[in-house]
1. Can you tell which of Cys38, Phe6, Leu62 lies farthest toward the positive end of the dipole of the stretch 3-64, using +1 and -1 charges on the Cβ of basic and acidic side chains (Lys, Arg; Asp, Glu)?
2. Give a residue-ordered list of calculated ³J(HN,Hα) values for the stretch 139-145 (Karplus: 6.51 cos²θ - 1.76 cosθ + 1.60, θ = phi - 60°; whole Hz; x for Gly, Pro).
3. Under the 0.36 nm per residue contour assumption, what length would be gained going from the current alpha-carbon distance of Ile143 and Ile112 to full extension?
4. Can you list the HN-Hα couplings for the stretch 93-109, worked out from phi with the Karplus curve (6.51, -1.76, 1.60; θ = phi - 60°), rounded to whole Hz and with x for Gly and Pro?
5. How do the peptides 4-12, 122-130, 43-51 rank, highest first, by the average count of neighbouring beta carbon atoms within 10 Å per residue?
6. Run the reach check for Lys3 against lysines, Cα to Cα strictly under 16 Å, same-chain hits fewer than 8 apart removed. What comes back?
7. Can you tell me what percent of all Cα-Cα pairs in the stretch 3-64 are more than 14 Å apart?
8. Rounded to whole Å and ordered largest first, report the semi-axes of the equivalent ellipsoid of the stretch 84-150 derived from its Cα gyration tensor (root of 5λ).
Amino acid sequence: MNKREFLKRLESKLSESLPPDAVEEHIYYYDDYINSACREGRSEEEVTAELGDPFLIARTILETNPHTYAEEDMTPFGEEHNPFDEDNPESQDMEKQARRQRLGCLIAAAVILAVLLFLMWFLGALMRILLPVLLPILAILLIIQMFKHR
């Protein structure tokens, strides 16, 4: 396809969802790109074939462009669309996910605290059992050491 057909298809697809100034900007870019490639000795058909399907290019532009109109309310995402709007289902999903993450952190902290408390209890119980036996043994060893040095 030649440059004119390519740009016409691209423009028709972009103008469905982009404001006119954004469409014009993209058309100018591709027109300039094709002209530059043709000045290097390539044909329009070669360049447009290398670029690919203008509808796929338009789709990529629309998916990544902040000026794309939302289908439901026809407002640009980059301007009036607020992802944190309370009535927005995306916002509600984000809040639920944040709550789940906080709950997961709280559960992890509670488990760690429970393990630490158990270890302290276990060491305390072990010391209650061993100290009555170990203290007299340590006292005897200390007395033996004192007599050896004299």
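Values in this text are rule-based calculations from the coordinates and carry no lab data. Since the structure is predicted, the reported quantities are computational estimates derived from the model, not experimental observations. No Cβ is skipped: glycine too gets one built from the backbone with ideal geometry, and neighbour counts run over all protein chains shown.
1. Phe6
2. Result, ordered by residue: 5, 5, 4, 5, 5, 4, 4 Hz.
3. Details: separation 31, 0.36 × 31 = 11.16 nm, distance 4.32 nm.
Taking Ile143 through Ile112 to full extension adds about 6.8 nm, to one decimal.
4. 5, 5, 5, 4, 5, 5, 4, 4, 5, 5, 4, x, 5, 5, 5, 4, 5
5. Values: 4-12: 16.8, 122-130: 10.0, 43-51: 15.2.
Packing order, densest peptide first, comes out as 4-12, 43-51, 122-130.
6. Lys13
7. Details: 988 of 1891 pairs.
Tail of P(r) above 14 Å: 52 percent of Cα pairs.
8. Numbers: eigenvalues 727, 25, 4 Å².
Working through the eigenvalues yields semi-axes of 60, 11, 5 Å.
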